[in-house]
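*Asks:* Take a look at the following structure, please.
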Amino acid sequence: MRKLARRRGKITQGAQRGCRKCAVKKTRAEKKARRQVDKAARKVAARSKAAEKRAARKPAAAHSAPAQQADPATPPPLTSAPVGKKAAKALLKADKQTAKAIKKGEYGTVTPGNAKKIVGIAKIVGPVLLPFALRAVSTVRENYDRSRARKLGVPVDDLGKFTGHGASLHARIAGDSVALRDLREQSTGEERGHARTYADQAEARLAQLTSAVRAAERMPSPRRKSAHRAVDQELSRIESELLTRFGVSTG
């Protein structure tokens, strides 16, 4: 009987110890759940307070001066408007990605992941925008060539003949050569011999000036500019004589 009583006492004590362990575990679980609920409530309260502050700032910004452009390095604010479940999940995911990028210091910078996205977008958009880009480049090039030809006084097709620093001088020499040819063909009577003689001498001088401009092309800048000024003065003299022979007074 004594042995049976002892066994029963041991079983009762073990049951009591087991009940105490269960109670401790239950208490710990309740405390943990309470802490999680409090944490979630604090997050919700903080978000609602931030939303109220943003809503309070919006009317003031509407009546003030035009808003400045947003800084690309500043992260976008979290969305607090009521949305559906899918939209809420998407917004939460975007917020997490933004926070992760800010934590790594990659927000607003080019990273391998961003580069892959940009390359993928370029592969899709590139073939669509390429014809428009080529057309725009062609238009700009044509306008530039037309403006340059007008400045040199030559046809657009002849622009390839006049290149380098002395392109304008080469264009003037070519124009003077054409004028000398016209003078030789248009002169009649007694003036024909004098006109041909002058045209031959002027053409020889123009050939020398052409060689001088070509030689100055690779000279240092100060010397090249000095040579171009001398050639410009000589061409002005020849052009003045040509105009006089054509009956145009330059005085």
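*Asks:* I'd like to know how the range 129-236 sits against the 2.2 N^0.38 Å rule of thumb: what's its Cα Rg over that expected value? Each step should come with its number before you reach the end.
*Replies:* Details: Rg = 18.4 Å, N = 108, 2.2 N^0.38 = 13.0 Å.
Output field value: 1.41.
*Asks:* Let me ask something else about it. Tell me the accessible surface of His165 in square angstrom (1.4 angstrom probe, heavy atoms of protein chains only), to the nearest ten.
*Replies:* 120
*Asks:* Step through the table entries Lys53/Lys89; Lys43/Lys117; Lys31/Lys100; Lys39/Lys117; Lys93/Lys116; Lys89/Lys117, compare each Cα-Cα distance with 27 Å, and write down the pairs that go over it.
*Replies:* Numbers: Lys53/Lys89 24 Å; Lys43/Lys117 33 Å; Lys31/Lys100 30 Å; Lys39/Lys117 36 Å; Lys93/Lys116 20 Å; Lys89/Lys117 22 Å.
Distance filter (> 27 Å) returns Lys43/Lys117; Lys31/Lys100; Lys39/Lys117.
*Asks:* Can I ask one more? When ranked by the protection proxy of mean other Cβ atoms within 10 Å per residue, highest first, what sequence do the peptides 179-185, 146-152 form?
*Replies:* On the way: 179-185: 15.7, 146-152: 13.4.
Averaged packing, sorted descending, gives the order 179-185, 146-152.
*Asks:* Which aspartates and glutamates have a Cα less than 15 Å from the Cα of Lys96, not counting those fewer than 8 places away in the same chain?
*Replies:* Straight-line reach from Lys96, under 15 Å: Glu106.
*Asks:* Compute the length gained on full extension between Lys32 and Ala207: take 0.36 nm times their separation in residues and subtract their Cα-Cα distance, giving the result in nm to one decimal. Could you put the intermediate results ahead of the total?
*Replies:* Values: separation 175, 0.36 × 175 = 63.00 nm, distance 10.00 nm.
Roughly 53.0 nm would be gained on extension.
*Asks:* With every protein chain in place, what's the accessible area of Val128 (1.4 Å probe, Å², nearest 10)?
*Replies:* The accessible area comes out at roughly 90 Å².
The values are calculated or read from the model by the stated rules, or taken from the named source; none is laboratory data. Keep in mind that what you see is a predicted model, and the values were worked out from it rather than measured. Every residue, glycine among them, receives a Cβ derived from its backbone with ideal geometry; neighbour counts consider all protein chains shown. Accessible surface is based on the protein model in full, side chains and every heavy atom, while ligands, DNA and RNA are left aside. Shrake-Rupley method; radii C 1.70, N 1.55, O 1.52, S 1.80 Å.
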